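Participant: The structure is given below, and queries will be raised subsequently.
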Amino acid sequence: MKTVAHADALARFGHALSDATRTRILLNLNAEPSYPADLADRIGVSRQTLSNHLACLRGCGLVVAVPEGRRTRYELADKRIGHALDDLMGLVLAVDPDCRCDGPDGAACGCG
């Protein structure tokens, strides 16, 4: 496993949060560790979809798989990830309803 610099770690966290399903997974795991089947049912996605997103989150270093006999439980890789999620959930944003951040590279903002 490789340790990434601060900017790279933030970019990985941002990438994880850029997808609604991955965000729901992280928020659910922040509440409590979970097994994939239970997590898929809770957030309303197929087990295959959940598996793909968990692989992404593991690769980004945000979640870990904990073997428990024949099952695997998932949890946040570090409790500070949960603190960061809690802090982000506490933000209040003044959003321009006409702004659509949907540029081809995800960085361009199509605000009119």
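The values are calculated or read from the model by the stated rules, or taken from the named source; none is laboratory data. Model, not experiment: these values are computed from the prediction. Every residue, glycine among them, receives a Cβ derived from its backbone with ideal geometry; neighbour counts consider all protein chains shown.
Participant: Those residues that are among the aromatic types (Phe, Trp, Tyr) and closer than 23 Å to Glu68 by Cβ, I need them from the range 1-50; list them, please. Break it down into steps so the answer makes sense when it comes.
Facilitator: Kept after step one, since they are among the aromatic types (Phe, Trp, Tyr), are these residues of the range 1-50: 13, 35.
Tyr35 - this is the single residue of the range 1-50 that is among the aromatic types (Phe, Trp, Tyr) and closer than 23 Å to Glu68 by Cβ.
Participant: So, one more: Out of curiosity, is Thr21 in contact (Cβ under 8 Å) with a residue 24 or more places away in the chain, part of a helix (DSSP H, G or I) and in contact with a His (Cβ under 8 Å, 6 or more places away or on another chain)?
Facilitator: Details: in contact (Cβ under 8 Å) with a residue 24 or more places away in the chain: yes; part of a helix (DSSP H, G or I): yes; in contact with a His (Cβ under 8 Å, 6 or more places away or on another chain): yes.
So Thr21 fits the description; yes.
Participant: Just one of Ser51, Ser46 is modelled with pLDDT of 95 or more, loosely packed, with under 12 Cβ neighbours inside 10 Å and more than 24 Å from Ala5 (Cβ to Cβ); which is it? Steps first, please.
Facilitator: On the way: Ser51 fails: loosely packed, with under 12 Cβ neighbours inside 10 Å.
Selected residue: Ser46, the only one of Ser51, Ser46 that is modelled with pLDDT of 95 or more, loosely packed, with under 12 Cβ neighbours inside 10 Å and more than 24 Å from Ala5 (Cβ to Cβ).
Participant: Right, something else. Please tell me if Leu76 is among the hydrophobic types (A, V, I, L, M, F, W, C), surrounded by 10 or more Cβ atoms within 10 Å (Cβ to Cβ), touching a helix residue (DSSP H, G or I) at 6+ places or on another chain (Cβ under 9 Å) and modelled with pLDDT of 95 or more.
Facilitator: Values: among the hydrophobic types (A, V, I, L, M, F, W, C): yes; surrounded by 10 or more Cβ atoms within 10 Å (Cβ to Cβ): yes; touching a helix residue (DSSP H, G or I) at 6+ places or on another chain (Cβ under 9 Å): yes; modelled with pLDDT of 95 or more: yes.
Considered against the rule, which asks whether it is among the hydrophobic types (A, V, I, L, M, F, W, C), surrounded by 10 or more Cβ atoms within 10 Å (Cβ to Cβ), touching a helix residue (DSSP H, G or I) at 6+ places or on another chain (Cβ under 9 Å) and modelled with pLDDT of 95 or more, Leu76 comes out as yes.
Participant: Oh, and also: Being touching a Lys or Arg at 6+ places or on another chain (Cβ under 8 Å) and either among the hydrophobic types (A, V, I, L, M, F, W, C) or under 19 Å from His83 (Cα atoms) (or both) is the filter here; which residues of the range 12-60 pass it? Break it down into steps so the answer makes sense when it comes.
Facilitator: Just the residues of the range 12-60 that are touching a Lys or Arg at 6+ places or on another chain (Cβ under 8 Å), to begin with: 16, 28, 33-37, 40, 43, 53, 56-57, 60.
Ala16, Asn28, Pro33, Ser34, Ala37, Ala40, Ile43, Cys56, Leu57, Cys60, listed by residue number.
Participant: Please specify each residue of the range 29-80 satisfying the condition of being touching a residue at least 24 places away in the same chain (Cβ under 8 Å), among the polar types (S, T, N, Q) and part of a helix (DSSP H, G or I). Don't jump to the end; show me each part of the working.
Facilitator: Pass one, the range 29-80, residues touching a residue at least 24 places away in the same chain (Cβ under 8 Å): 29-30, 33-36, 39, 45, 49-50, 53-54, 56-57, 60-63, 66, 71-76.
With the extra rule that they be among the polar types (S, T, N, Q), the set shrinks to 30, 34, 49, 72.
Within the range 29-80, Asn30, Thr49 meet the criteria.
Participant: At pLDDT below 95, of a type outside the set (A, V, I, L, M) and assigned to a helix (DSSP H, G or I): does that describe Arg100? Break it down into steps so the answer makes sense when it comes.
Facilitator: On the way: at pLDDT below 95: yes; of a type outside the set (A, V, I, L, M): yes; assigned to a helix (DSSP H, G or I): no.
In short, no.
Participant: Could you list all residues from the range 5-24 that are more than 8 Å from the chain's Cα centre (by Cα) and among the charged types (D, E, K, R)?
Facilitator: Selection gives Asp8, Arg12.
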